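Asks: Starting off with a structure, shown below.
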There are 2 protein chains.
Amino acid sequence: MSELDGHGRVRVHFTPAARDIRVPPGVTVFDAASWNGIAIDSTCGGHGTCRKCLIRVDDGRLPVSTLDVRAFGADQLREGWRLACRAQVTEDLRVEVPPLVTRPKAATVGVGRQVILRPAIQKRYLELTEPTLADQTPDLERVLAAIDDLEPRVDLAVLRELGRTLRAADYRVTAVIVDEVLVDVQAGDTTDRCFGIAFDLGTTTVVANLLDVSTGTPMAVRSALNAQQPFGGDVITRISATMLDPAALGRLRSLAHETLDELTREVCTAAEVEPHEIYEVALAGNATMVHIALGIDPEPLGVAPFIMSTRAFPEIMAADLGVQVHPRARAAVFPSLGAYVGGDIVAGLLASGMDRDRRMRLFVDIGTNCEIVLGNAERLVATAAPAGPAFEGASIRCGMRAADGAIEVVRIRAGALELGVIGDAKPAGLCGSGLVDAVAALVDTGLIDPTGRFVPEDDAARIAPTLADRFGTWDGERVFVLHEEVVLSQRDVRALQFAKAAIATGWNLLLAELGIDRTEIQQVLLAGSFGSYLSPASAIRIGLVPKLPVLRVVSAGNVAGEGAKMALLSLRERAGATTLLEEVEYVELSDRTDFNDRFVDLLAFP
Amino acid sequence: MSELDGHGRVRVHFTPAARDIRVPPGVTVFDAASWNGIAIDSTCGGHGTCRKCLIRVDDGRLPVSTLDVRAFGADQLREGWRLACRAQVTEDLRVEVPPLVTRPKAATVGVGRQVILRPAIQKRYLELTEPTLADQTPDLERVLAAIDDLEPRVDLAVLRELGRTLRAADYRVTAVIVDEVLVDVQAGDTTDRCFGIAFDLGTTTVVANLLDVSTGTPMAVRSALNAQQPFGGDVITRISATMLDPAALGRLRSLAHETLDELTREVCTAAEVEPHEIYEVALAGNATMVHIALGIDPEPLGVAPFIMSTRAFPEIMAADLGVQVHPRARAAVFPSLGAYVGGDIVAGLLASGMDRDRRMRLFVDIGTNCEIVLGNAERLVATAAPAGPAFEGASIRCGMRAADGAIEVVRIRAGALELGVIGDAKPAGLCGSGLVDAVAALVDTGLIDPTGRFVPEDDAARIAPTLADRFGTWDGERVFVLHEEVVLSQRDVRALQFAKAAIATGWNLLLAELGIDRTEIQQVLLAGSFGSYLSPASAIRIGLVPKLPVLRVVSAGNVAGEGAKMALLSLRERAGATTLLEEVEYVELSDRTDFNDRFVDLLAFP
């Protein structure tokens, strides 16, 4: 898509990992690698100060930054050496990543967040003295005395094995502690094997990131469709299923567990890690997904007044999520702010540092349910807007998910229609970002009027003679043909209008809540798998995000997954997630009398 | 046995409970009732100050105490009214217990211990406000806010049920908290149903006491043989079994679980309590029994240097003990002082208040392994002496357990042999207390000389003409015929000598440890099922306990079971058990160079 002047997607091939990834233009090589589980040295967290994130461009062009000039000699620059954290990708690239040289004390995750490594998982190698009649200290107390800076609780199962392990290993053992629990005592020194998995449990997509938590190194990342799909595309249809059939909750839970466990096996295989070497998993998901995965009845989430079972979850085991890893592995599940501002958003806020940044920022995670957070370190307000399924491709005539064959980029340039299709395939449908692009382009050209109507054919022929013949009538409905069998229908435009009006109403009400003007927003973060692929220009054009200079609107990547990684790597960051529950004020829209008025005002295109 | 002038056992029949129990003479009606799970009103703990423990003698004689004279009128005394705490049983009785009239704040348990009721199990009835759009407090936080003096952890399983329960019960629910965990939220007000079971898990006998923990009322008590018996009578044979066969630990564990669960069903049925209304169990047992019941390899307990897996156990669920009660019921397992001074002894020390009493006391729990504790509130020392199986009836020619047909009392009066037999049956064998009585009587008469030898027949005929013809030779061994087929053999006397010498060596070394003389001991507590039935006079006569005025030697009853009850009724007492671990100094005998010298000195009869 690089031929589309940065409007589409660029491809980066990393060696020696042999990984091919697609990112929006403007993303740094460092972030692109980090989001995709490719480790690059860094101790400053991508702020250009440590100068450790060296990469070499093998193929493609990567401009020389001012820092590169200070970091490298002329020969090195000519050979393609760059600092990854300053190198913004603008075209297809092939990049070589040198092996890690430092054992890091910190890792870079999320939106340029530098996380000091203090994982919940700790291993301690112990060489204990053997008991004698003069020293009858019991086995467990002998172990605990050797790690006396910690006072872990002990799982009974550990005690069952302890005596044999100590004696078989000549009292040279490794204690495995997760948070405040001693989960294992292993023979010999196993301190170099410390792994965790960060899950982003989405309604549609589930992502697993396997990390070496002692170094913060990403080892493998895999994603899969949530196997709950057959029950419906969004949380409401899944909640409804549990209300109609008492057995549905159990089945939905099993399907979530299957998805998580399948991904676990995949990342373990890819990273050459044994499942029993995974001692903790972190999970970010919306309230419904998390409730279902834990076997908690989600019905109260789905009907007014929309009540969660709890904001912060009690102690959870990885086994409670159906993940077959170490039998006593724990699970850190992100707390939810509200029934419709879930743990995925809390993780995203953590990853984007919303509560630490002094800039006024707007965080928008677009999906069937759109979560919106506005504010800065001073104050944060959040809400959820019911956007409907348009962005997921449902209820759209030729809608499809962002898979091979989906038109994801639509542009009109010099009177010609240009399409970007995923997977270099024949266009088969229109995904969310393509829908937004298509409508934005037609609004921009004047082929869709501000009320959202396709202009009459006469007007179209006058305004855009090269495109007017793309209008037609299918099954009695006016459509705009994008490519042979793929059309944008008048009803599709309406669906998108409703969706964007709901979202715009959300952030408008939050602006009012803070008493500020949209122009005061210094950054808009588009989060989530869909938001990250949305064209900022198109999003502004249709009024989905506030009218701001386009550079202020940025893709934040899979921030929920990044937040989950942070929780694995740092207990302090994990505590930060809990703090967010106190810091963020939830604004319920469903009982606002001004919601409908604003919504109607915002249906039009600006 | 009342014809034996208080040397045997007396029978007390309680109405309306319709319970028939046997106790050593001298025990108060209050203690007899309390040890056997029959509730009598009391707020002072049996100290004669509250005057609430009224009983009425229906049949038999119960002397009038000085307190009775103050508490009752002449008519009432004539009708048989007495204060149970002052009424010492000296003959067979039939006693009526009035229904409880007070809702107690304290209960009397153990050796006259008054326990302020503060059970780990707490129920709170809550009438919550329903959520609205203006109050979206999550379900769990709504419940926890209503019990904000507690901050319980929450079991995931509770969260799974919570939403449905709250809505079905119109937000009127009862929260069940055990220690620091919210284990259930139940529809409606269930605060009057709060039960726990105290287990004494003995190597031979297992006892279960079902208590209403909110009132301290004993509801039912049952005992059974430990189903592990086929693996051997003592802890060493059971440990050996696990060393010889890897599958034995699992089988032994199952057998312990079966015994505990069978007793659970029995006490629940007897008390008309549903198993799911049991929210906590407390368990006192020796280290081996507890290790096995929890599935922990006991091998290191059985071989030098005798190492426990732990002194204090981690969080245990009732299910870990195989007890099918409330699915989230917890278990409070008594900590052990050492491999051979286990949780049963810690419970016994708690029940007898050894660490609070200013009197110098000797606590002796006699069995295959004999635990001995000496001291007072100032200092406590403990040890274990390997007494061997003589007291359990094993290795004794006609030995048997204290069951129907066992000779349990032996006395020589005016040249005649008098026997007390359990269950009014034909004598079938000799149990431990009978063995001690028999040897003491023959030593006393001079038919056994101080070295432990049966005197020659000529001497016997001279010393005790009416008894001399009871000597005979069976299978080439000299025996003393007690009754037809039941004899005391020369080897039996030797076995008892070894056992009592081991025990006497134990308390002698503890006396030396504290630097005191035996005459300074103000009370000897005979604990455990065997110790409680031992004749104090005989125990003194053979040197099993120090030579002291006989009134200083008292039966303490099943103190381990009593300690377990205390743990159920009071978190403070439970904490006291942990404190005991710090307070009691364990003296290991197996590496003492002076052990053998003292042992040889103490083989003789004093």
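The values are calculated or read from the model by the stated rules, or taken from the named source; none is laboratory data. From a predicted model like this one, the values you see are computed outputs, not experimental measurements. Reconstructed Cβ throughout: ideal geometry from the backbone, glycine too, with neighbour counts over all protein chains shown. Protein only, heavy atoms only, side chains kept; ligands, DNA and RNA dropped before computing areas. Shrake-Rupley method; radii C 1.70, N 1.55, O 1.52, S 1.80 Å.
Asks: When you go through A:259, A:242, A:237 one by one, which is the residue that is within 27 Å of residue A:527 (Cα to Cα), open to solvent by less than 30 Å² (accessible area, probe 1.4 Å) and either of a type in the set (Val, Ile, Thr) or without any contact (Cβ under 8 Å) to a residue 40 or more places away in the chain (or both)?
Replies: Working: A:242 fails: within 27 Å of residue A:527 (Cα to Cα); A:237 fails: open to solvent by less than 30 Å² (accessible area, probe 1.4 Å).
When all the criteria are applied, what remains is A:259.
Asks: Check region A:215-228 and report whether any residue there is over 30 Å from residue A:390 (Cα atoms) and open to solvent by 30 Å² or more (accessible area, probe 1.4 Å).
Replies: The initial filter retains those residues of region A:215-228 that are over 30 Å from residue A:390 (Cα atoms), namely A:215-220.
Subset that is open to solvent by 30 Å² or more (accessible area, probe 1.4 Å): A:219.
The answer is yes; a qualifying residue exists.
Asks: Tell me which strands (runs of 3 or more DSSP E) are completely within region B:59-150 and hold 3 or more residues being open to solvent by less than 80 Å² (accessible area, probe 1.4 Å), more than 14 Å from chain A (Cβ to nearest Cβ) and over 30 Å from residue B:577 (Cα atoms), or say none if there are none. Break it down stepwise before answering.
Replies: Working: elements: B:81-83, B:93-96, B:106-109, B:113-116, B:121-127.
Once the strands (runs of 3 or more DSSP E) in region B:59-150 are filtered for at least 3 residues that are open to solvent by less than 80 Å² (accessible area, probe 1.4 Å), more than 14 Å from chain A (Cβ to nearest Cβ) and over 30 Å from residue B:577 (Cα atoms), what remains is B:81-83, B:93-96.
Asks: Moving on. Under 7 Å by Cβ, and 6 or more places apart or on different chains, what pairs join a residue from region A:552-578 that is over 30 Å from residue A:518 (Cβ atoms) with one that is open to solvent by 30 Å² or more (accessible area, probe 1.4 Å) and in a helix (DSSP H, G or I)?
Replies: Between residues of region A:552-578 that are over 30 Å from residue A:518 (Cβ atoms) and residues that are open to solvent by 30 Å² or more (accessible area, probe 1.4 Å) and in a helix (DSSP H, G or I), the close pairs are A:567/A:574.
Conditions tested, residue by residue: (1) assigned by TED's automatic domain parsing to the domain that holds residue B:411; (2) under 25 Å from the mean Cα position of the chain (by Cα); (3) at pLDDT below 90.
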site: B:521; (1), (2), (3): no, yes, no
site: B:528; (1), (2), (3): no, yes, yes
site: B:544; (1), (2), (3): no, yes, no
site: B:547; (1), (2), (3): no, yes, no
site: B:553; (1), (2), (3): no, yes, no
site: B:558; (1), (2), (3): no, yes, yes
site: B:569; (1), (2), (3): no, yes, no
site: B:576; (1), (2), (3): no, yes, no
site: B:590; (1), (2), (3): no, no, yes
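Asks: Within the bounds of region A:516-524, is there any residue that is free of Cβ contacts under 8 Å to residues at least 40 places away in the same chain and farther than 21 Å from residue A:547 by Cα? If you could, list the steps in order and put the result at the bottom.
Replies: Residues of region A:516-524 that are free of Cβ contacts under 8 Å to residues at least 40 places away in the same chain, as a first pass: A:517-519.
If we keep only those that are farther than 21 Å from residue A:547 by Cα as well, we get none.
Looking through region A:516-524, none of the residues is free of Cβ contacts under 8 Å to residues at least 40 places away in the same chain and farther than 21 Å from residue A:547 by Cα.
Asks: A further question follows. Looking at region B:323-345, which of the residues that are more than 19 Å from residue B:193 (Cα to Cα) and open to solvent by 20 Å² or more (accessible area, probe 1.4 Å) is farthest from the other protein chains (Cβ to nearest Cβ)?
Replies: Selected residue: B:344.
Asks: Within region A:478-505, how many residues are more than 16 Å from residue A:390 (Cβ to Cβ) and either of a type in the set (Lys, Arg) or free of Cβ contacts under 8 Å to residues at least 24 places away in the same chain (or both)?
Replies: Residues in region A:478-505 being more than 16 Å from residue A:390 (Cβ to Cβ) and either of a type in the set (Lys, Arg) or free of Cβ contacts under 8 Å to residues at least 24 places away in the same chain (or both): 2 in total.
Asks: Also, quick follow-up: Within region B:426-438, identify whether any single residue is open to solvent by less than 30 Å² (accessible area, probe 1.4 Å), in contact with a Pro (Cβ under 8 Å, 6 or more places away or on another chain) and more than 30 Å from residue B:508 (Cα to Cα), and answer yes or no. Before the answer, list the steps.
Replies: We begin by selecting, within region B:426-438, every residue open to solvent by less than 30 Å² (accessible area, probe 1.4 Å); these are B:427, B:429-438.
Adding the requirement that they be in contact with a Pro (Cβ under 8 Å, 6 or more places away or on another chain) leaves none.
No, there is no match, as no residue in region B:426-438 is open to solvent by less than 30 Å² (accessible area, probe 1.4 Å), in contact with a Pro (Cβ under 8 Å, 6 or more places away or on another chain) and more than 30 Å from residue B:508 (Cα to Cα).
Asks: Residues that are assigned to a helix (DSSP H, G or I) and more than 14 Å from chain A (Cβ to nearest Cβ): does region B:290-301 have at least one? Step through it out loud before you land on a result.
Replies: Step one: filter region B:290-301 for residues assigned to a helix (DSSP H, G or I), giving B:290-293, B:299-301.
Within this subset, residues satisfying the condition of being more than 14 Å from chain A (Cβ to nearest Cβ) are none.
No, region B:290-301 has no match at all.
Asks: List the pairs whose first member sits in region A:154-165 and is within 7 Å of another protein chain (Cβ to nearest Cβ), whose second member is among the polar types (S, T, N, Q), and whose Cβ atoms are under 6 Å apart, counting only residues at least 6 apart or on separate chains?
Replies: Final answer for the pair search is A:159/B:309; A:162/B:309; A:163/B:309.
Asks: Separate question: Does residue A:206 qualify as being more than 14 Å from chain B (Cβ to nearest Cβ), of a type in the set (Val, Ile, Thr), in contact with a Gly (Cβ under 8 Å, 6 or more places away or on another chain) and within 30 Å of residue A:559 (Cα to Cα)? Before you say what the answer is, go through the steps one by one.
Replies: Working: more than 14 Å from chain B (Cβ to nearest Cβ): yes; of a type in the set (Val, Ile, Thr): yes; in contact with a Gly (Cβ under 8 Å, 6 or more places away or on another chain): no; within 30 Å of residue A:559 (Cα to Cα): yes.
No; evaluated as a whole, the condition is false for this residue.
Asks: Related question: Count, please, the residues in region A:563-606 that happen to be out of contact with any Leu (no Cβ under 8 Å at 6 or more places or on another chain) and either more than 14 Å from chain B (Cβ to nearest Cβ) or not in a loop (DSSP other than H, G, I, E, B) (or both). Spell out the reasoning first.
Replies: If we filter region A:563-606 for residues that are out of contact with any Leu (no Cβ under 8 Å at 6 or more places or on another chain), which is where we start, we get A:571-572, A:574-575, A:578-579, A:582, A:593, A:596-597, A:599-606.
If we keep only those that are either more than 14 Å from chain B (Cβ to nearest Cβ) or not in a loop (DSSP other than H, G, I, E, B) (or both) too, we end up with A:571-572, A:574-575, A:578-579, A:582, A:596-597, A:599-606.
Residues flagged as out of contact with any Leu (no Cβ under 8 Å at 6 or more places or on another chain) and either more than 14 Å from chain B (Cβ to nearest Cβ) or not in a loop (DSSP other than H, G, I, E, B) (or both) within region A:563-606 amount to 17.
Asks: For region B:174-195, enumerate the residues that are under 16 Å from residue B:127 (Cα atoms) and either hydroxyl-bearing (Ser, Thr, Tyr) or surrounded by fewer than 21 Cβ atoms within 10 Å (Cβ to Cβ) (or both).
Replies: Across region B:174-195, the qualifying residues are B:174, B:186, B:187, B:188, B:189, B:190, B:191.
Asks: Moving to a separate point now. Which pairs turn up if I take residues in region B:273-300 that are on the phi > 0 side of the Ramachandran plot and look for partners that are open to solvent by 10 Å² or more (accessible area, probe 1.4 Å) and in a loop (DSSP other than H, G, I, E, B) with beta carbon separation below 6 Å, at least 6 apart in sequence or on another chain?
Replies: Close Cβ pairs (under 6 Å, with a partner that is open to solvent by 10 Å² or more (accessible area, probe 1.4 Å) and in a loop (DSSP other than H, G, I, E, B)) do not exist here.
Asks: For residues in region B:262-289 being away from every other protein chain (no Cβ under 11 Å) and within 20 Å of residue A:136 (Cβ to Cβ), which is most open to solvent (accessible area, probe 1.4 Å)?
Replies: Taking region B:262-289 first, the residues away from every other protein chain (no Cβ under 11 Å) are B:262-286, B:288-289.
Now drop any that are not within 20 Å of residue A:136 (Cβ to Cβ), which leaves B:285-286, B:288-289.
Numbers: B:285: 1, B:286: 21, B:288: 2, B:289: 1 Å².
Ranking the qualifying residues of region B:262-289, first place goes to B:286.
Asks: Quick check on this structure: which one of A:554, A:545 is within 22 Å of residue A:410 (Cβ to Cβ) and in a loop (DSSP other than H, G, I, E, B)?
Replies: Numbers: A:554 fails: in a loop (DSSP other than H, G, I, E, B).
Only one candidate qualifies: A:545.
Asks: Right, another one. When only residues in region A:304-322 that are out of contact with any helix residue (DSSP H, G or I) (no Cβ under 8 Å at 6 or more places or on another chain) and more than 9 Å from chain B (Cβ to nearest Cβ) count, which is most open to solvent (accessible area, probe 1.4 Å)?
Replies: Quick first cut of region A:304-322, residues out of contact with any helix residue (DSSP H, G or I) (no Cβ under 8 Å at 6 or more places or on another chain) only: A:304-305, A:317-319.
Then keep just the ones that are more than 9 Å from chain B (Cβ to nearest Cβ); that gives A:318-319.
Numbers: A:318: 0, A:319: 67 Å².
Here the answer is A:319.
Asks: Separate question: Evaluate region A:160-172: report whether one residue or more is within 30 Å of residue A:291 (Cβ to Cβ), open to solvent by less than 20 Å² (accessible area, probe 1.4 Å) and out of contact with any Ser or Thr (no Cβ under 8 Å at 6 or more places or on another chain).
Replies: We begin by selecting, within region A:160-172, every residue within 30 Å of residue A:291 (Cβ to Cβ); these are none.
Scanning region A:160-172 turns up no residue that is within 30 Å of residue A:291 (Cβ to Cβ), open to solvent by less than 20 Å² (accessible area, probe 1.4 Å) and out of contact with any Ser or Thr (no Cβ under 8 Å at 6 or more places or on another chain).
Asks: Select from region B:322-344 the residues that are over 21 Å from residue B:267 (Cα atoms), out of contact with any Leu (no Cβ under 9 Å at 6 or more places or on another chain) and hydrophobic (A, V, I, L, M, F, W, C) and list them in ascending order.
Replies: Hit for region B:322-344 is B:341, nothing else.
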